[in-house]
Amino acid sequence: MISAVFFDVGGTIIDESREFADWADWLGVPRHTFSAVFGAVVARGLDYQETFRTFRPDFDLAAELDRRARAGRPETFGEEDLYPDARGCLTALRDQGLLVGLAGNQPAHAEATLRALGLPVDVIGTSHGWGVAKPSAAFFERVVAEGGGDASSILYVGDRPDNDARPALAAGLEACLIRRSPWGHILDLPAVAEQCLFRIDSLDDLPGLVAEHNAARARGG
């Protein structure tokens, strides 16, 4: 049975559309051009930062984040960037008595920002705060520890088959892929998707699927 559900952040709980539009503006690149290059980078299976390096070969993310902050244009997100189905899904899973957490690759500012949103979650973890990042095994070991120690009873929900589902499965967790970010629509890894417990298009579907799964397990199915 599933006793804990952890969610990736960007592309799963947070819609990153505005964030990437802000990056295009900051780099002085037309937004549609930035989006097209971003899609090509995802399709090639490259690190997303290669998008920035296409336009600025010497791009350094940490340095650029600092420049944006000093210029009064920091990278950030807020309530308006939550996917409409996020808060309701988290609440419904908690109402089932499950431990609910967020765990994603996020920069230093993100953890405080997520906490300020007052989301109905028990755990908030970020790569910056934990000192480990996906897809490393150490990241998912931390998820298991925060989720109670039994990997097989934890479901990890994410939009990326490469960074989310595949390493979660390798760590012994169950996995759910949500198809909505650029990675969710472009990056197709059938061998990974077939091993996932669930594949969804909306978080609205997840609480019911988890409840059905747990009910079947309780019946011995």
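Of the listed peptides 170-176, 79-85, what is their order by residue-averaged count of other C-beta atoms within 10 Å, with the highest listed first? Numbers along the way, then the final one.
On the way: 170-176: 20.4, 79-85: 13.9.
Result, highest mean Cβ count within 10 Å first: 170-176, 79-85.
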*asked:* Only Cα pairs within less than 10 Å get springs; with that Gaussian network setup on the chain, which residue of D25, D188, D159 has the largest fluctuation?
replied: D25
*Could you state the number of Å between the C-alpha centres of segment 64-110 and segment 191-212?*
21
*With label points built 7 Å along Cα→Cβ from the Cα atoms of A218 and E19, find their separation and express it in nm.*
3.6
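Defining a contact as two alpha carbons under 8 Å apart and six or more residues distant in sequence, what relative contact order in percent does the chain show?
Details: 338 pairs, mean separation 56.0, N = 221.
It rounds to 25 percent for the chain.
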*To the nearest 0.05, what FRET efficiency results for E141 and D47 with a Förster distance of 22 Å applied to their C-beta separation?*
0.45
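Which FRET efficiency value, to the nearest 0.05, is calculated for A108 and M1 with the Förster distance at 30 angstrom and r the Cβ-Cβ distance? All intermediate terms of the calculation are to be shown ahead of the outcome.
Values: r = 36 Å, r/R0 = 1.19.
Rounded to the nearest 0.05, the efficiency is 0.25.
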_For A175, what residues show an amide H to amide H distance below 5 Å, using hydrogens built from the backbone and excluding near sequence neighbours?_
Y156, L197, F198
_Among beta bridges that DSSP assigns inside the chain, antiparallel share in %, nearest 5_ = 5
*Could you pull out every residue, at least 5 positions away or on a different chain, whose amide H is within less than 5 Å of the one on Q106? Hs are placed 1.01 Å off N in the peptide plane, and Pro or chain starts have none.*
S127, H128
*Over segment 141-208: Kirkwood hydrodynamic radius from C-alpha pairwise inverse distances, Å*: 12.0
*What is the extension gain from D205 to R67, computed as 0.36 nm multiplied by their sequence separation minus the C-alpha to C-alpha distance, in nm to one decimal?*
45.6 nm
*Report the residue, chosen from A86, A63, A151, that carries the largest GNM mean-square fluctuation when the chain is represented by alpha-carbon nodes joined by springs under 10 Å.*
A63
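We did not get these values from a lab; they are worked out from the coordinates using the rules stated. Since this is a predicted model, take the numbers as computed values, not measurements. As a convention, Cβ positions derive from the backbone with ideal geometry for all residues, glycine included, and neighbour counts pool all protein chains shown.
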